[in-house]
Amino acid sequence: MSGPFIVDAHAHTGAMSMFFCPESGAAELLARMDRLDIQCSLNAGSWTYLMGGGGEELEGLRREHEASGGRLLYLGVYDPRRGREALRELDQACRRPGLAGIKIHPTFHRTPAESPGYEALWRFAEEHDLTVLSHSWSSSEHNPAQALSLPGRFEVWVRRHPGVRLVLAHAGGRGDGRAEAVRLAREHRNVYLDLAGDIFCYRLVESLSGELPPNKLLFGSDFPWLDPRANLSRILLAEIPAEAKRRILRDNAQEAYQLNLSG
């Protein structure tokens, strides 16, 4: 294959106030994509959007998509605390190009993943054939709110809405969370895992590749929290077959998000 072909299935643009990320804009992300043969990235929203922003932030993602020539696809954010308003915004976004899915974050939104407040989201995703990307993590003594995003808490929706594709971001984190995420991805055809974030575990890619069906693992950078090279290098240097690397770097994201990419 010639030219850029990698899909970064989990990135962000905009200032991230909880970390020092001086180069966090769309221009900086695109510059890194150009250097690393990344064809397109899925923009999972700014910190402001994740923490309660609405239509204006969503419109900003749409403008970045347009300005990038379609290389920055984007996800709308559903916060159950403003559910009706969020669905109205998502419905409008569905009528324009660039929307690739919906992002939820039970930990940030202080709402358990199995809460009835998410029912409307899952119905909407099913009706519009949109993928759901959710933060997922393991138990944490220093951050108890992570328990709201334990992978097992999503199983009620996975069973109730088998037609909706769910991507568990960060592959469930570490330890118990990761083990539960792997179980869900193995038992349910509509569950995928992405590698975004600081899950710096020894031989993680080899381990997950050996435990999962070949179509279930996606590359994600979590830019600007991490430079794309951090997780990209782990895949390129992993002791797995070249075909498995291609799936992780491109093909699995195309399946999970129903992307129609040339090349």
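Among the residues of region 90-127, write down those that are among the β-branched types (Val, Ile, Thr), in contact with a strand residue (DSSP E or B) (Cβ under 8 Å, 6 or more places away or on another chain) and free of Cβ contacts under 8 Å to residues at least 40 places away in the same chain. Outline the logic, then answer.
In the first step, residues of region 90-127 are kept if they are among the β-branched types (Val, Ile, Thr); the result is 102, 104, 107, 111.
Filter once more, keeping what is in contact with a strand residue (DSSP E or B) (Cβ under 8 Å, 6 or more places away or on another chain): 102, 104, 107.
Passing the criteria: Ile102, Ile104.
In region 224-246, is there at least one residue being under 23 Å from Ala27 (Cβ atoms), outside any helix (DSSP H, G or I) and in contact with a His (Cβ under 8 Å, 6 or more places away or on another chain)?
yes
Can you pull out the residues in region 67-99 that are within 30 Å of Ser139 (Cβ to Cβ) and either buried (at least 19 other Cβ atoms within 10 Å of the Cβ) or out of contact with any Gly (no Cβ under 9 Å at 6 or more places or on another chain) (or both)? Reasoning before the result, please.
We begin by selecting, within region 67-99, every residue within 30 Å of Ser139 (Cβ to Cβ); these are 75-83, 86.
Answer for region 67-99, where residues must be within 30 Å of Ser139 (Cβ to Cβ) and either buried (at least 19 other Cβ atoms within 10 Å of the Cβ) or out of contact with any Gly (no Cβ under 9 Å at 6 or more places or on another chain) (or both): Leu75, Gly76, Val77, Tyr78, Asp79, Pro80, Ala86.
For every residue, the table says whether it meets (1) touching a strand residue (DSSP E or B) at 6+ places or on another chain (Cβ under 6 Å); (2) closer than 21 Å to His105 by Cβ; (3) in contact (Cβ under 8 Å) with a residue 12 or more places away in the chain.
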{"position": "His10", "(1), (2), (3)": "yes, yes, yes"}
{"position": "Leu30", "(1), (2), (3)": "no, no, yes"}
{"position": "Ala44", "(1), (2), (3)": "yes, yes, yes"}
{"position": "Gly55", "(1), (2), (3)": "no, yes, yes"}
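Every number in this text was worked out from the coordinates using simple rules, so none of it is lab data. Please read all numbers here as calculations on a predicted model, not as lab measurements. Neighbour counts run over all protein chains shown; Cβ positions are idealised from the backbone, glycine included.
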